[in-house]
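Please treat every number below as a calculation from the coordinates, not as lab data. Owing to the predicted nature of the structure, the values given are computational and were not obtained by experimental measurement. All Cβ positions, even for glycine, are placed from backbone atoms using ideal geometry, and neighbour counts span all protein chains on display.
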Amino acid sequence: MAEFLQTVETSLAVGALYALIALGYTMVYGILKFINFAHSDIVVLGAWISLRIATEVLPKLGIDPRAAPWWAGGAVLLASMAACSIIGFVIERTCYKPLRRAPRLNVLITAIGVSLLLQNLGQLDLFFGTQPARMPSLLPNTPLVQWEFGTEGASRRLVIGLVDVVIFLTAGTLMVLLELLVYRSKLGAAMRAVSFNTETASLMGINVDRIVSLTFMIGSALAAAAGFLYAMKYPGLNQPAHTIWVLLGLKAFVAAVIGGIGNVRGAVIGGFVIAAVEQFGAFYISSNYRDFYVFVLLILMLLVRPTGLLGSTVKVKV
Amino acid sequence: MSSAPLLAINDIGIRFGGLAAVQDFFLHMPPRSLYGLIGPNGAGKTTVFNLITGVYQTQTGAMLLEGQPLGGLPPHRITSAGIARTFQNIRLFGDLSVLDNVMLACQLRAKNRIAGTLVRSRASVGEEAAIRMRSLELLDVFDLRARADEPAQSLPYGHQRQLEIVRALATEPKVLLLDEPAAGMNSGEKRQLAQTIRRIRDEFQLAILLIEHDMELVMEICERITVLDHGVTIASGPPEQIQCDPKVIEAYLGVADDEGAEEQSSKGAEEK
Amino acid sequence: MPSNAAHSPIVLREADALRPPRGHALLRGIGPLLIGVAIAAVMQWGVGPFVGTYVARILLDVGIAIILAVSLNIVNGLAGQFSLGHAGFSALGGYAAGSITYYGSLILWNSSVKHGGPFGAGEWLFVAACLTGGLVAAGAGFIVGLPALRLRGDYLAIATLGFGEIVRVMLQQTGDVIYSARALEQATVNDFFPPPLGGSLGFSGIPTYTSLFWVYLFCAVTIVVAQRLKFSAAGRAMVSIREDEIAAQAMGVNITKWKVRAFVISAFFAGVAGALFAHESGVIISPGDAGFQRSIEIVIMVVLGGKGSITGVLLAAAILSTLPEFLRDFAQYRMIIYALLLIGMMLLRPQGLFGNHEIWDYFKRRRKSSS
């Protein structure tokens, strides 16, 4: 019982991270119809920028990152989100905008190029270097809840840590905000219109370029948030080009596909589904195969329902 | 001999969502016949073509070509059974040359052994040469031989429509379905096209079913005409009879004078 | 014009008369392969000994990259099916071939080191292993291809990406390599489950048979096959699928059959390339070689070369696999330059080096040397 609940708890925290990243993939796909392979690198940037701010900017402001006040974490998060959304904006304008009418494969390759560029720029000593670094814990990871299960001697504990709760709440808040933005605001209506049919949207007087830029900025900000929260949960940050980041991005992407790529709510559901499959598979079957479950689920999903849980089927016109 | 239909279509239909796009469609075509299929935009004409060629699967009825059932066959099997088509919105292989477009269709009747291709066997080289020769011959139907090596997408619109017909002929069909072959042509070109369609029917000994908006053209060359409206057959008979049918006049002829506007709206309406 | 007779298709009536004379056909059929053998021999004995091991090693990598890129071009460039799993097929072939030569050598010759000289028994075992590796990959291509090809465009790319990652994880979970003939004799059934292929560290100890001769011979075969496919009924069928699936079907093209064929042929050569890679000296084939990053490197070669252009892809493979070496002086900046070149190329020349064309469309004279 305790193991089960503990796995549920981890799934929720990790799932929230996947969902945040998946949102970026799905929003870009929804509007530009290409897989933004550079998205996972924005997550990396988010994590590393957070680390740099926490280790270099905070001390200059007279704040000890190891005993930071409660708002310091929030400030780092916001700074990192702002920085990444600017980077996202610049990338979109310089690399993707000129390719608006090019074949999608070309845009995909460009995205891969951007990904390589970010990874290798990140490895320069000028930026983050090639060594792993440790994120200072801006939050004390005190267990909020501890429950004992079972009889004495064979008792198991369920621990709900502060970090997991913060991750879940922060990610949840951001997702609700996004939901409100996309489905309840005028701007969101414009975004959905562009996603549905770019040409018609521009005929209706929507500034498509601005919407696309905005989408990239929001996606990048969410990725930065995911990066920050990831660094909170796993403080040992690997160097920017490490495969662990690529895998994190890939799995979030799988989450977006499983939810129905292009669908904002689907990405959130997909994130939690992926996390649950991964965590439960790792705990109850074998942790060696945790990536395996995710990709097998992907293949099964594609075969049974290629448009994902919430995706709609597109009828081919003849 | 001519009493048995070459193509017998009995009661086919399809619904998209709750909407009956085509229902209770009947058509019997004898060999070497030239029939027309008309109706206002969104009447379901192209859907009938899509049903016959297997792009959509009919949900009712049966289709027989020379007595062989076609129901449930995938599109490529229907083509090899002997039904070829052109597309309303031209679907050439734009990056391929004009000749390659025709050769692709032509090779349907060849053996195309992949092992032979890889070792370049004599049989495969001979086959390829024969396909090329035949394709060039077919390009002469519309005087396209001179442009054989140009990419198909570089042809002017009218030639692209002609190439679509050549390509369909190259599959050696028994029945040819032409979807608005005269679209975008001026009246002189239309008159020429009418002659060509007759000539194709006689030379290749085909049955031809024609979707066309130009009433003059249809009335001139078609032996029988079927009129669709909202997926339902509202009339069927020889041109003289169709011309005076009050239901047809109401459904179709009444709105037939602003064709330009119709073509605009047809894209969405036809494919529901 | 001839009339429509019932049985024999009009198109084939002249086919027999148009067959070329026997001698001519044989020459055209085998000629390019003989040229390939000659090029391979020149690379092995004319170039290899004089350029030093460092350059020879680069030449090996270039040859293998060409096989990978030209074979991916069959499925991606010709048939237009976007696969991100090419490295997965390649690694499967590499592991299959490696296990044949490694354990085969242990059984046959009690040692896993290279056995015999040029064209000796060991080398023939290696060739057989390469072909088997190709077949294993082709089999995987068939199994993956059949269901995956129902998917279109990006979804196919995602599914093949998933396949590559699955291969990678499975290879990571393999067991330790059995290190000697003695140990192999004493091994129990349990030592073979999971298969002893080295786990996440990679399959080390595979004899190093890969030479310039074999790499460039297989290279030539790959190019000849790709070229013959492209300029034939098969190539037209594949390109028609790339251009417009519905029109292709309407012209009688069985699109599923041709997609699977493209996948299987392409996977076969990927497997051969993997086998050559696994037997290269100084290389330990590892699960990472199946991952999607490797696949992407190959995709980049195809896109830079131009979809469907065999010579363009060949050139792109050669350039991209040597570029990092040329940029070696810039050490940490070389990947940045590579990335910038990639982005710049997509922005400035999106159709790739040659678009849909072959080099000889620009310089007709070069035709002979590249086929």
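Against the longest alpha carbon principal axis of chain C, how many degrees, from 0 to 90 and to the nearest 10, is the axis of helix C:121-148 turned? So the helix axis and the longest Cα principal axis differ by about 60 degrees. Charge tally around residue A:263: other residues with Cβ under 14 Å, Lys/Arg +1 each, Asp/Glu -1 each, net +3.
Counts of other chain beta carbons within 10 angstrom of each beta carbon in peptide C:238-247 average 6.
With neighbours defined as other Cβ atoms within 10 Å of a residue's Cβ, the residues C:101, A:130 order from fewest to most as A:130, C:101.
State whether region A:1-125 is rounded, prolate or oblate according to the following rule on the C-alpha gyration tensor (a ≥ b ≥ c being the square roots of its eigenvalues): a/c under 1.5 gives rounded; otherwise a/b larger than b/c gives prolate, and the remaining case gives oblate. Oblate shape, in that a/c is at least 1.5 and b/c is the bigger or equal ratio. Couplings 3J(HN,Hα) for region A:15-29, derived from phi with the Karplus relation 6.51 cos²θ - 1.76 cosθ + 1.60 (θ = phi - 60°), are x, 4, 5, 4, 4, 4, 6, 4, 4, x, 4, 6, 5, 5, 5 Hz, where x marks Gly and Pro. Treating each Cα of chain C as one equal point scatterer and applying the Debye formula with no solvent, the log10 of I(q)/I(0) at q = 0.06, 0.11, 0.12, 0.13 Å⁻¹ comes out as -0.25, -0.80, -0.94, -1.09. Across chain C, the mean sequence separation of Cα contacts (distance under 8 Å, 6 or more residues apart), normalised by length, yields a relative contact order of 29 percent. Projecting label points 7 angstrom from Cα along Cα→Cβ for residue B:26 and residue C:257 puts them 3.7 nm apart. Using every pair of separate Cα atoms, the Kirkwood estimate puts the hydrodynamic radius of region C:91-192 at 15.7 angstrom. Karplus-based coupling profile of region B:10-15, in residue order and whole Hz: 10, 6, 8, x, 8, 10, with θ = phi - 60° in 6.51 cos²θ - 1.76 cosθ + 1.60 and x standing for Gly or Pro. Between residue C:332 and residue C:173, residue separation times 0.36 nm minus the direct Cα-Cα distance comes to 54.0 nm.
Region C:200-308: D in µm²/s via Stokes-Einstein (Kirkwood Rh, Cα pairs, 37 °C, 0.692 mPa s)?
Rounded, D is 204 µm²/s.
Partner shielding of B:166-172 amounts to 3, given as the average count of beta-carbon atoms from other chains within 10 Å of each residue beta-carbon.
Pop the C-beta distance of residue C:14 and residue B:195 into the FRET formula with R0 = 25 Å and round what comes out to the nearest 0.05. Intermediate values should be presented prior to the final figure.
On the way: r = 29 Å, r/R0 = 1.15.
Computed FRET efficiency for residue C:14 and residue B:195: 0.30.
Note on the protein assembly as shown: helix-only mean residue ellipticity at 222 nm, from DSSP H runs of 4+ residues weighted -39500 (n - 2.57) and normalised by residue number, equals -19000 deg cm²/dmol. Remark: C-alpha extents of the protein assembly as shown on the principal axes read 94, 74, 55 Å, sorted largest to smallest. Sequence-distant contacts, meaning Cα pairs under 8 Å at least 6 residues apart, place the relative contact order of chain A at 35 percent.
The three principal axes of the C-alpha atoms in region B:193-256 carry coordinate ranges of 37, 19, 18 Å, sorted with the longest axis first. For the pair residue B:19 and residue A:130, label points projected 7 Å from Cα toward Cβ lie 6.2 nm apart.
Between the Cα long axis of helix B:259-270 and the first principal axis of chain B there is an angle of about 80°, rounded to the nearest 10. Out of all DSSP beta bridges in region B:120-255, what portion is antiparallel? Express it as a percent rounded to 5. Once the DSSP bridges in region B:120-255 are tallied, antiparallel ones form about 50 percent. Hydrodynamic radius of region A:2-304 by the Kirkwood approach over all distinct alpha-carbon pairs: 19.9 Å.
GNM on chain A, alpha-carbon springs under 10 angstrom: the most fluctuating residue among A:176, A:212, A:107 is A:176.
Per residue, the convex hull spanned by the Cα atoms of region A:188-228 amounts to 53 cubic angstrom.
Shape class of region B:9-71 from the Cα gyration tensor (axes a ≥ b ≥ c, square roots of the eigenvalues): oblate, since a/c reaches 1.5 or more and a/b does not exceed b/c.
For chain B, what is the relative contact order in percent, using Cα pairs closer than 8 Å and at least 6 residues apart in sequence?
Details: 484 pairs, mean separation 74.8, N = 272.
The value is 28 percent.
The simple Förster model, with R0 at 60 Å and r as the Cβ-Cβ distance, assigns residue A:142 and residue B:243 a FRET efficiency of 0.10. Residues whose amide H falls under 5 Å from that of residue B:177, counting only those 5 or more places apart or on a different chain, are B:84, B:85, B:86, B:209, with hydrogens built in the peptide plane. Based on the alpha-carbon gyration tensor of region C:1-87 and its eigenvalue square roots a ≥ b ≥ c, which shape applies: rounded if a/c is under 1.5, prolate if not and a/b is larger than b/c, or oblate? Oblate shape, in that a/c is at least 1.5 and b/c is the bigger or equal ratio. Put simply, the amide H of residue B:229, placed in the peptide plane, has neighbours under 5 Å in B:234, leaving out anything fewer than 5 places away on its chain.
The residues B:58, A:307, when put in order of fewest to most other Cβ atoms within 10 Å, stand as A:307, B:58. Only residues of region A:284-298 count here: report those whose backbone N is under 20 Å from the spot 7 Å along Cα→Cβ of residue A:149, or say none. Under cut-off, by backbone N: A:284-287. Phi-derived couplings, Karplus 6.51 cos²θ - 1.76 cosθ + 1.60 at θ = phi - 60°, listed residue by residue for region B:56-62: 10, 8, 5, 9, 9, x, 8 Hz, with x used for Gly and Pro.
Shielding of peptide C:262-273 by partners, expressed as the average count of other chain Cβ atoms within 10 Å per residue Cβ, is 0. For the pair residue A:97 and residue C:51, a Förster radius of 41 Å applied to the C-beta separation gives a FRET efficiency near 0.35, rounded to the nearest 0.05.
DSSP bridge analysis restricted to the protein assembly as shown gives an antiparallel fraction near 65%, rounded to the nearest 5. Counting every other Cβ atom within 10 Å of each residue's Cβ, C:109, A:70 order from fewest to most as A:70, C:109.
Against the longest alpha carbon principal axis of chain A, how many degrees, from 0 to 90 and to the nearest 10, is the axis of helix A:39-52 turned? Between the helix axis and the principal axis of chain A, the angle is about 50 degrees.
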